[in-house]
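Trainee: Following this message is one structure expressed as structure tokens.
Derivation of every value follows stated rules applied to the coordinates shown; laboratory data play no part. Not measured: the values here are computed from a predicted model.
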């Protein structure tokens, strides 16, 4: 069975001028973009207008979408042959644990 693609994209320190060209290409290609509260909203403008945008922001003690639900959403959308971007407003090295949990 053919699956979609999941890209874990670091949005960097918040300045939209510092995002990589590869990250912009991933965002532009995505059918679904899951983003957090630290992402500069200007970066979402690179996405397709018809893309599905899912806010997954977390503040201390407040979680809009539990982490397990985010993982399940990434898996289910990829099984629908969609291209998904998990756009994180932080350095990617902090995502190593999440990537290990998502192996499917």
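Trainee: Largest first, please: the extent of the C-alpha atoms of region 1-41 along each principal axis, to the nearest Å.
Mentor: 39, 21, 13
Trainee: Antiparallel as a % of all DSSP beta bridges within the chain, to the nearest 5?
Mentor: Antiparallel bridges: around 10 percent, rounded to the nearest 5.
Trainee: A follow-up question, please. Determine the shape class of region 5-93: with a ≥ b ≥ c the square roots of the Cα gyration tensor eigenvalues, call it rounded for a/c under 1.5, and otherwise prolate if a/b is greater than b/c, oblate otherwise.
Mentor: Judged from the Cα gyration tensor, region 5-93 comes out oblate (a/c at least 1.5, b/c at or above a/b).
Trainee: Continuing with the same structure: How much length is gained if the chain between residue 45 and residue 29 is pulled fully straight, taking 0.36 nm per residue apart and subtracting their Cα-Cα distance, in nm to one decimal?
Mentor: 4.5 nm
Trainee: While we're looking at this one, here's another question. Show that you can apply the helix-only estimate: for the chain, add -39,500 (n - 2.57) for every DSSP H stretch of four or more residues, divide by all residues, and state [θ] at 222 nm to the nearest 500.
Mentor: -8000 deg cm²/dmol
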